[in-house]
Every structure is written in C-alpha cells, then in structure tokens.
Amino acid sequence: MSEKTEKGEKNKRVGTGVEGLDPLIQNGFLPGKSYVVTGDAGTGKTTACLQFLLKGLTSGEKAVYVTVDERPTDLLDSAASLGWDLQSFVQDKNLVILDAAPYFSTRAGPVKEREVDVQRIVTDLASHITRMEAKRLAIDPVGPLIKADTPSGRSEEQARLLIRLLQTQLQTTNMLSSGRTEDESSSVEEFLAAGVLSLRMFRQSDRFVRTLWIKKMRGTAVVPTEYEFNITKGKGIVLLSPYIESAAAVQPAAENGHRPPQTNGSAPTVEDSGSILQPFEPEKASK
Ligand SMILES: Nc1ncnc2c1ncn2[C@@H]1O[C@H](COP(=O)(O)OP(=O)(O)OP(=O)(O)O)[C@@H](O)[C@H]1O
Ligand SMILES: [Mg+2]
C-alpha cells in the first residue's frame, strides 16, 4: 500500500449510522477515537450505540458491544423492536455482546476490592477485539466502569485511564454512552472523549421533542446547532431540521453548566520512565 493510500485509510471517517448526522460532522467520526453519547433516561443512547455498530456490521465489519445495565437478551429484544436482527450477527460471529453485569455483581467485599480494574477490563476487551479484528466498540453505559464504588473519589483518574487505554490498546472506533450528571454539567468522560453527542427529550406545549446537539467534535468543523430527531422502526434515530426554540421551550442548552475537569494531583502512571511528563516525539507517534 502506498504511503498516500495508507494515510488516506487512516484519516477516512467512520460513519455514525445516524441518518442525517454524518454530513454535519465531515462524514463521520475520526477512526480509533472514543465518542460519548450522553443523555437522560430514555433519550436514545442505546439506540445510537446500536446504530453505530450496525453501520459497521452491514458493511462487513465486526463489532463488540459491552452491555452493563441491560442483559444481552434484553438488548437483542430492544434491537428487534427497532427492526434490527442482531441475533444473526451474533450467530455469524460478526458481533460479540459482552455482559459486564456479572463483573459488577461479584464485586461485593471490602471497599478497596470494589474498585473497578480498568486495565483488566481493557485487556479483556483487547483480546476479543484482536481475535475477531473488530472495528467498532460500544460500551453502554460507560459510567460504572469509571465511577469507582469507593469513597476515594478516583472516578476522574479511572476515566482518564480508560480513555487512554481504549486509544492505545484497541484499534476500534468507540461509542460510549453516559447518563446525565445530577447538576447537568459535563461529565468527566465528555472532557476526555474526542466528541460528544448530547441527547435531550422535553415537553414543548402539547408535544414532546427529542433533540441531538453536537456538543463537541475534535478536529471537525461543526456549526453549533441542536437538531430535532425521531426514533423510527428500521432506522433508529433520524435527524430532522434544526430545533427552533419558542417561548415555551425549556432551558436552552447553552445554560447547561460547564466545568473543567478537576484533578486531585495523582495522575495515572502509564509509562514509567522516571519522568512524569513525556516529551512528544513525532517519529514515535503511531496514532
Ligand atoms: N420501535 C420503536 N419506535 C419508536 N420508538 C422506539 C422504538 N423502540 C424504542 N423506541 C423509543 O426509544 C427510546 C429510547 O430508547 P433507548 O433505550 O435508546 O434510550 P436510552 O437513552 O438508552 O435509555 P436508558 O437511559 O434507559 O438506557 C425508548 O424510550 C422508546 O420510546
Ligand atoms: Mg440505554
């Protein structure tokens, strides 16, 4: 493969599977990066994750879905209700659904032992992904993997480690779903991800409106706009026109809180070379 073709492949955008979204973000996600789809309960996060994987599966790619809150059979049922036959992709070994629930339910015990072993999770994931040469990964939801069930407040460290390991140890493009934080501010994973799609559902006069806001898309020219969308059988999320706010509309998205990530001073040690900050060497950078 010529150097030019290789570079072209590396920069080729990854289609999101959401009808109407790709043209708004320069044809899709950047390959190998992690994207967060965030929103309150029932706003469409799982639907977006399914669409993202199906876009790859129907083009002959392989994919991994990590489910935490929903059992794999329930996920298959949800997909079926949207008109998608995930089961056939599983049977053909093009899709692997990994159930993370047992990992969490067996973590009873002393507080220290209840911390999530992010490195172990990513190593597990990497073995599946490498074996099947998967190109796409969804983790739905990512919260339990990074919010340690301990009083030590390590969730930001855990999130940073997870995103870094996903980037360095996996070849996949990743969609991570994330619930809304209590104060509506951006979650840690939103700051760390390459992009954020924010979903909302609210009442406007006599109807409910679903909207998608491209909140962040690194390396991509995006006009900040909130789009209405529908969820329809066979298609999932379908973007419609930009949402025009009327006097009856709820709080504008811009009023959502915005806070920088807080550090507690202890950075995760990924490379131990005696020096904390590593000088960037372009010739060694692989991605
Ligand atoms: N066949 C369908 N046609 C239209 N809408 C559907 C269909 N199936 C599901 N939906 C709608 O899609 C909504 C979003 O579901 P989804 O599971 O993607 O949300 P979610 O954000 O993942 O929710 P949760 O917070 O519970 O994980 C459902 O609440 C339902 O109203
Ligand atoms: Mg869900």
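The values are calculated or read from the model by the stated rules, or taken from the named source; none is laboratory data. Here the structure is a predicted model, which means the values were calculated and not measured. Cβ coordinates were reconstructed from backbone atoms using ideal geometry, including for glycine residues, and neighbour counts include every protein chain displayed.
Laid out as a table, the results:
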{"quantity": "Cross-chain or 6+ apart pairs with Cβ under 6 Å, the stretch 222-234 first and free of Cβ contacts under 8 Å to residues at least 24 places away in the same chain, then among the polar types (S, T, N, Q)", "calculated": "Glu228/Thr211"}
{"quantity": "So Ala79, is it within 13 Å of ligand 2 (Cβ to nearest atom), modelled with pLDDT of 95 or more, of a type in the set (Gly, Ala, Ser) and closer than 20 Å to Gly195 by Cα", "calculated": "no"}
{"quantity": "Filter pass, Glu113 being farther than 21 Å from Glu189 by Cα, among the charged types (D, E, K, R) and modelled with pLDDT under 95", "calculated": "yes"}
{"quantity": "Flag if Val37 is in a strand (DSSP E or B) and near ligand 1 (Cβ under 9 Å from one of its atoms)", "calculated": "yes"}
{"quantity": "Residue pairs meeting the criteria (Cβ under 6 Å; at least 6 apart or on separate chains; first part of a loop (DSSP other than H, G, I, E, B), in the stretch 56-77; second within 14 Å of ligand 2 (Cβ to nearest atom))", "calculated": "Val68/Ala100; Val68/Pro141; Val68/Pro144"}
